[in-house]
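Working notes, structure below.
The values are calculated or read from the model by the stated rules, or taken from the named source; none is laboratory data. All of these numbers come straight from a predicted model, not from anything done at the bench. Backbone-built Cβ (ideal geometry, glycine too); neighbour counts: all protein chains shown. The protein model used for the area step is the full one, side chains on, heavy atoms only, and it has no ligands, DNA or RNA in it. Shrake-Rupley method; radii C 1.70, N 1.55, O 1.52, S 1.80 Å.
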Protein chains: 2
Amino acid sequence: MATLDQIIHAKAIELGKLALSATTAAGSGHPTTALSLAHLTAVLMYRVMRWDPKRPRAPGADRLVLSEGHAVPIVYAACADLGVTFHPQGETRAMTGEDLLRLRAIDSPIDGHPNPALGFPFFDAATGSLGQGLSVAAGLGAAARLDGIDKTIYCLIGDGEAREGQIWEAMDFIVDQKLVNVFAIFNCNELGQSDYVSPEQSWQRLKDKAEAFGWTALAIDGHDPKSIEAALRRRSEFAEAGKPLCLLARTVKGWGVPSLAGPGHHGTPVKPQDLDAALAALDARAAELGAAGIDRAASAAALAIPAPPAVPPAASPNRAPADFAAALAAEPKLAQMVATERRLSPRRAYGLALKALGAADPRVVALDGDVKNSTYALDFATAYPARYFEGRIAEQNMVSAAAGLAAAGKIPFVSSFGRFLERGFDQIEMALIGGLGIKLVGTHVGVTLASDGPSQMAVADIAFMRALAHARDYRGRPAMTVLTPSDGVSAYALAVAMAALPGACYLRAVRADLPILYPESEGFPLSGFKVLREPGPGRRKVLLAATGYMVHRCLEAAQVLAQGGIAAGVIDAYCLPLDRQALLERARRAAAPILAVEDNYIGGLASELAEAAAAEMNAPRVASLVVGNFPKSGRSAEDVLAYVHLSTADIVDAARTLAG
Amino acid sequence: MATLDQIIHAKAIELGKLALSATTAAGSGHPTTALSLAHLTAVLMYRVMRWDPKRPRAPGADRLVLSEGHAVPIVYAACADLGVTFHPQGETRAMTGEDLLRLRAIDSPIDGHPNPALGFPFFDAATGSLGQGLSVAAGLGAAARLDGIDKTIYCLIGDGEAREGQIWEAMDFIVDQKLVNVFAIFNCNELGQSDYVSPEQSWQRLKDKAEAFGWTALAIDGHDPKSIEAALRRRSEFAEAGKPLCLLARTVKGWGVPSLAGPGHHGTPVKPQDLDAALAALDARAAELGAAGIDRAASAAALAIPAPPAVPPAASPNRAPADFAAALAAEPKLAQMVATERRLSPRRAYGLALKALGAADPRVVALDGDVKNSTYALDFATAYPARYFEGRIAEQNMVSAAAGLAAAGKIPFVSSFGRFLERGFDQIEMALIGGLGIKLVGTHVGVTLASDGPSQMAVADIAFMRALAHARDYRGRPAMTVLTPSDGVSAYALAVAMAALPGACYLRAVRADLPILYPESEGFPLSGFKVLREPGPGRRKVLLAATGYMVHRCLEAAQVLAQGGIAAGVIDAYCLPLDRQALLERARRAAAPILAVEDNYIGGLASELAEAAAAEMNAPRVASLVVGNFPKSGRSAEDVLAYVHLSTADIVDAARTLAG
């Protein structure tokens, strides 16, 4: 009769062999990291986690976030062994050992790193760019608490990976938010890619750090089944005291295969001709441990996965959000100001919309990075404190936590200055790769922020976001939708539209109070644009296509141009991707060249239109006026616009030249 | 006779009053944060730092990095009081009190946040996007050690700012590198922008964290002159034991002005009508402290700034770097492979070039993030270990540390997978704003990385970098130069060119061994391109303009097209910004439309050419073939190229359509 230890050793070795075989079949991958996690994976996935391989996303199921995504073959091995439900090529079926050997093949969802969006729902989010998983786990934990589900979010983190600052942002966030349902496990195998990990990432140092960050930290032998299981079952003991628990699991990279020990074996599969010897080494290790020849029947009772609890159905929308007029009416002081001055800042309108969305849909949650009084996320935070997560000054964690919330069915709005969201570009891209519809809101965008200077101005944001907007995600949708409203009415409408859109989006909300341009009931279809002024008849013509703040400058410029005998139209291009054919067609019919005007670096609207025009025969000409030199502080928007050659006079000059 | 304490209080209050006046004059800024630093600034800049206001960048001078850049008015106040040398509007002169009152004006280098590139050389790097200063300080410390200069790099960090993970990356890096010349001072005023800081950023918690990270940490009263000075003079005591020292300075936001106490006063200047009362409150505080009426003469002896030591002249280039042939000859095994196979990976060529640069120029230093065996920075690390800084898995710190090294006159090459450099986009932009010529090298770019999948593929990098490439820096140069070599010869030449270029650049080095396209002596002028194949005569024509890996696919496609009766030229567009007029002119003369082919998302070469073509009358058409859908893992580059519709067949199809 095999002991439990022996059964776990046998399973760990079986998974290790599968992981070796899969990476050799793929011709790439990280078998040694996988082997270091063999026992942890076996205990977690066969004994401790409450889940159901047939329903890997059952709402009551415990979750596993593999932050060190390159270790994934060991998890795939367990999933193949357990016949987890997955979706190869659009099918829905149980994963097999043959599927495992299709690791990294172009037609397989068993990708090089975890990715649910490719059809592997066991995972909640894509990982592989290191240091992000614990933040994702925090988001999943926050969602579970909101939903009243008692589940545990396990997160496996590499020791080398623990050098990433984002890990420590997440450690803080989890303590701040008292997310004791998150369980962090550091895989301390002492080896990075190119060398041993630094002494700063030794298990002892990581233990000290975790304790200093307010966690309970236990060090264990990560290949000792009893120690692992005992430690994994202690979470609730500390949770009652409000302290999250983490493990420092001392492991061996390439465990069980002497030829894979030590440095120089990261990211290198065993060569086909060496595979049998490596597998035999693991068999020999099994024999040493008394774990040879334990068959499935003998281990079945010991490896009975605990079932996840049934959970109540998730909260769903109560009703449609209030429209702009109703939301404004609920804020009499603001309504009075708007009625009198006919101005409203897009960021203020965002705050209104977020609060209205919060009232209408319990799935809406919000995060902000210590600027909630500037982004107006404060309105939501005050009205719905349980659904608001203060991210503090740590944008990377905030973005990845939002990805975790989205994975759990929430609709997370993440706000900060647009400039500071650049801190999370990697995390944003990872969220999109995982198919997670995060709603980003960058305020204080563009050079008109003026006084604070270039360290606070989002001017390179649009180029990056537009690149993602023209990449189709795995469902064939634009991976990103970029929205730049030009007034309060459009900002409100677009913020509301973001919640309904399944994919990710980015709202660029200018700081300044801007004149209201649209009637309260105006609709703003995605990929659309608005014609604010027709060029009308004239010998010399131009169409000014602009975004956000610059729409107002173009309206001014159009008046100046008209006085000078140039018929100028003005278009508000509030969305990317844009229906550029329709816009070009308008210019063609008006026989007017287009001047694209934006207060950001190249890569936004001007490129969007130029690419379409350049590909056509006889398209209207498209010239651009963008920020072409580094901005600096100025005491007024005028001063800075002139400094970057985007004043109304600059627009008039460029339009005159273009109109001929 | 005034005591030293009274003299410091008087100076701190004087600086505080200047900071209040300046922010009120500017109509924006952060006077309360400035006041929390009044005493620390006074003791540092008048008593402890060895520096010379007339020569703020004297090589022997101690440095001050203001990581919480928004506190800058207090430092500007000291600089105005001391008549620091600065460069308003291109002049060189001593700063005055009047200059201080031009804070944030469009024609003033006294910007909203520190920025040396605008003409304020007291600072080494631009700060303002939080969490980056300690990494910059680490770079400055590393440079000082290399140069054998015994100086101290002081870094002031906000408590709220200490939530940024990058701070903890820097804490690790400084311990790893034993940079005991860096002195971190946390300004613990307990208030962020929107609220009190989290308990996780209390001074006690920060002290525990710093100690767990291997630092000596002392808590002091940040408004007590004696405590401050005593603590600041203790660095060397711990330095001998190899431990860096940090202070937790307990301070008061809005110190000395009761009406500015507590939350709600971040980033808000005192209103003009309230300024006199605020200044009077500070005067009253001075009186309480016995610090009223201390004039300059009375305090002159106590406030005598220690002079910086004279230092030997900096190391300068020994000689020109080896050319490709010589560098290759020094690696016989590789030379043999290249001679036989006529292939070389751009990343391997980068490794060769970096080592040759290291031999030729002692200013060349390198950093890498635990992938030095993949980027081939390992060659340099082995040959010049003192000039190599292993950044571990912490890209943000690595980029900002490189900025610090550049500020100190080094030529820092920073390598990682291109995808992982996205983690540092904010830091890259800040380095450029500060005018620092960092040399970025992203390897494994594009989808042809194949097996590892999208979490490891740089495909959105180019859009962001090109946006910066079309922004002129404060000297009027392209703020970024993007280089995508298509073979080993061009990779070598371009890497060598990077070192000579004063500005920042980004080399995109494909992982794959690629056929060598150029003779060893070929030159690659910046903003140039190479015509690898002329279209020649024919009725149907096309010009394929490509970057990197895709150049080879276009050469293949051109052959197929030629067989099908379409004359196809091939251009290697290795640099952005590109001389696009010259490229368009070639297409015009050949009467051929252009197909831009890149293995990245939109925003690179295709946009570059389309923008120029769309703005012209009768320009050649420009169509594009880019990555238009999210990639995934595949076992070969072919598989993934086909998956994203970039196979040779796809190029042929698109070219046929375009050629009509």
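Here are some conditions: (1) in a loop (DSSP other than H, G, I, E, B); (2) crowded, with 24+ Cβ neighbours inside 10 Å; (3) in contact with a strand residue (DSSP E or B) (Cβ under 8 Å, 6 or more places away or on another chain). A:Ala126 meets all but one. Which one does it not meet?
All conditions pass for A:Ala126, except number (3).
Has segment B:450-471 got any residue that is part of a loop (DSSP other than H, G, I, E, B) and of a type in the set (S, T, N, Q)?
No, that holds for no residue.
Considering each residue of segment B:205-216, count those that are more than 16 Å from B:Glu169 (Cβ to Cβ) and either surrounded by 21 or more Cβ atoms within 10 Å (Cβ to Cβ) or facing chain A (nearest Cβ under 10 Å) (or both), and give that number.
The number of residues fulfilling the criteria is 4.
Working only within segment A:438-476, note down all residues that are more than 8 Å from chain B (Cβ to nearest Cβ) and not aliphatic (A, V, I, L, M).
A:Lys439, A:Gly442, A:Thr443, A:His444, A:Gly446, A:Thr448, A:Asp461, A:Arg475
For the structure I just gave you, tell me whether B:Ser259 is closer than 20 Å to B:Cys188 by Cα, open to solvent by 70 Å² or more (accessible area, probe 1.4 Å) and not in a loop (DSSP other than H, G, I, E, B).
So B:Ser259 passes the test.
Identify all residues within segment A:526-537 that are under 18 Å from A:Ala654 (Cβ atoms) and open to solvent by 30 Å² or more (accessible area, probe 1.4 Å); write none if there are none.
A:Arg533
Please enumerate the residues belonging to segment B:59-87 that are open to solvent by less than 10 Å² (accessible area, probe 1.4 Å) and out of contact with any Leu (no Cβ under 9 Å at 6 or more places or on another chain).
Passing the criteria: B:Gly60, B:Ala61, B:Val84, B:Phe86.
Find all pairs meeting these conditions: Cβ atoms under 9 angstrom apart; at least six residues apart or on different chains; first residue within segment A:535-555 and more than 18 Å from A:Val622 (Cα to Cα) and in contact (Cβ under 8 Å) with a residue 40 or more places away in the chain; second residue assigned to a strand (DSSP E or B) and open to solvent by 20 Å² or more (accessible area, probe 1.4 Å).
Short answer, once both residue conditions are applied: A:His552/A:Pro515.
Matching residues to (1) touching a Gly at 6+ places or on another chain (Cβ under 6 Å); (2) over 22 Å from B:Phe425 (Cα atoms):
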{"position": "B:Leu101", "(1), (2)": "no, yes"}
{"position": "B:Pro109", "(1), (2)": "yes, yes"}
{"position": "B:Pro114", "(1), (2)": "yes, no"}
{"position": "B:Ala143", "(1), (2)": "no, yes"}
{"position": "B:Ile153", "(1), (2)": "yes, yes"}
{"position": "B:Ala170", "(1), (2)": "no, no"}
{"position": "B:Phe173", "(1), (2)": "no, no"}
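Test of understanding: among A:Val175, A:Val136, A:Val180, which residue is in a loop (DSSP other than H, G, I, E, B) and among the β-branched types (Val, Ile, Thr)?
Result of the check over A:Val175, A:Val136, A:Val180: A:Val180.
I'm checking my understanding of the structure. Among residues of segment A:139-157 that are part of a helix (DSSP H, G or I) and of a type outside the set (Lys, Arg), which one is surrounded by the most Cβ atoms within 10 Å (Cβ to Cβ)?
The selected residue is A:Gly139.
For segment A:144-151, indicate whether the set of residues that are away from chain B (no Cβ under 14 Å), on the phi < 0 side of the Ramachandran plot and touching a Leu at 6+ places or on another chain (Cβ under 6 Å) is non-empty.
No, the conditions are met nowhere in segment A:144-151.
Report the residue count in segment B:629-638 for those that are in contact (Cβ under 8 Å) with a residue 24 or more places away in the chain and at the interface with chain A (Cβ under 7 Å from one of its Cβ atoms).
5
Within segment A:94-115, does at least one residue satisfy the condition of being surrounded by fewer than 23 Cβ atoms within 10 Å (Cβ to Cβ), basic (Lys, Arg) and either in contact with a helix residue (DSSP H, G or I) (Cβ under 9 Å, 6 or more places away or on another chain) or part of a helix (DSSP H, G or I) (or both)?
Scanning segment A:94-115 turns up at least one residue that is surrounded by fewer than 23 Cβ atoms within 10 Å (Cβ to Cβ), basic (Lys, Arg) and either in contact with a helix residue (DSSP H, G or I) (Cβ under 9 Å, 6 or more places away or on another chain) or part of a helix (DSSP H, G or I) (or both).
When the residues of segment A:168-193 are narrowed to those that are within 22 Å of B:Phe173 (Cβ to Cβ) and open to solvent by 30 Å² or more (accessible area, probe 1.4 Å), which ends up nearest to the other protein chains (Cβ to nearest Cβ)?
The qualifying residue nearest to the other protein chains (Cβ to nearest Cβ) is A:Gln193.
Only one of (1) of a type in the set (A, V, I, L, M, F, W, C); (2) open to solvent by 10 Å² or more (accessible area, probe 1.4 Å); (3) part of a helix (DSSP H, G or I) is not met by B:Leu436, so which one is it?
Among (1) of a type in the set (A, V, I, L, M, F, W, C); (2) open to solvent by 10 Å² or more (accessible area, probe 1.4 Å); (3) part of a helix (DSSP H, G or I), the lone unmet condition for B:Leu436 is (3).
Return the pair list, or none, for Cβ contacts closer than 9 Å from residues in segment A:292-321 that are on the phi > 0 side of the Ramachandran plot to residues that are open to solvent by 60 Å² or more (accessible area, probe 1.4 Å), at least 6 apart or on different chains.
A:Gly293/A:Ala287
Identify, from the list A:Pro313, A:Pro317, the residue that is over 30 Å from A:Ser259 (Cβ atoms), surrounded by fewer than 14 Cβ atoms within 10 Å (Cβ to Cβ) and not assigned by TED's automatic domain parsing to the domain that holds A:Trp255.
A:Pro313
Kindly check whether there is at least one residue in segment B:47-54 that is in contact with a Gly (Cβ under 7 Å, 6 or more places away or on another chain), open to solvent by less than 10 Å² (accessible area, probe 1.4 Å) and on the phi < 0 side of the Ramachandran plot.
no
For B:Gly160, all conditions in the list (1) more than 7 Å from chain A (Cβ to nearest Cβ); (2) crowded, with 24+ Cβ neighbours inside 10 Å hold save one; what is the number of the exception?
(1)
Somewhere in segment B:489-496, is a residue under 17 Å from A:Tyr601 (Cα atoms) and modelled with pLDDT of 95 or more?
Within segment B:489-496, none of the residues are under 17 Å from A:Tyr601 (Cα atoms) and modelled with pLDDT of 95 or more.
Going by the conditions given, is A:Ser374 open to solvent by less than 10 Å² (accessible area, probe 1.4 Å), among the hydroxyl-bearing types (Ser, Thr, Tyr) and within 12 Å of chain B (Cβ to nearest Cβ)?
Considered against the rule, which asks whether it is open to solvent by less than 10 Å² (accessible area, probe 1.4 Å), among the hydroxyl-bearing types (Ser, Thr, Tyr) and within 12 Å of chain B (Cβ to nearest Cβ), A:Ser374 comes out as no.
Which residue pairs have Cβ atoms under 8 Å apart, sit 6 or more places apart or on different chains, and have a first residue in segment A:513-528 that is assigned to a strand (DSSP E or B) and a second that is open to solvent by 40 Å² or more (accessible area, probe 1.4 Å)?
If the second residue must be open to solvent by 40 Å² or more (accessible area, probe 1.4 Å), the pairs left are A:Leu514/A:Arg343; A:Pro515/A:Arg342; A:Pro515/A:Arg343.
Within segment A:417-431, identify whether any single residue is under 19 Å from the mean Cα position of the chain (by Cα), more than 11 Å from every other protein chain (Cβ to nearest Cβ) and of a type in the set (S, T, N, Q), and answer yes or no.
Within segment A:417-431, none of the residues are under 19 Å from the mean Cα position of the chain (by Cα), more than 11 Å from every other protein chain (Cβ to nearest Cβ) and of a type in the set (S, T, N, Q).
Look through B:Ala401, B:Ala386 and report the one residue that is aliphatic (A, V, I, L, M), more than 10 Å from every other protein chain (Cβ to nearest Cβ) and either within 21 Å of A:Gln456 (Cα to Cα) or crowded, with 24+ Cβ neighbours inside 10 Å (or both).
After ruling out the rest, the residue left standing is B:Ala401.
Test each condition in (1) in contact (Cβ under 8 Å) with a residue 24 or more places away in the chain; (2) over 21 Å from B:Leu440 (Cα atoms) for B:Arg348 and report the one that comes out false.
So the condition that B:Arg348 fails would be (2).
Of all residues in segment A:19-40, how many are more than 14 Å from chain B (Cβ to nearest Cβ), buried (at least 24 other Cβ atoms within 10 Å of the Cβ) and not in a loop (DSSP other than H, G, I, E, B)?
9
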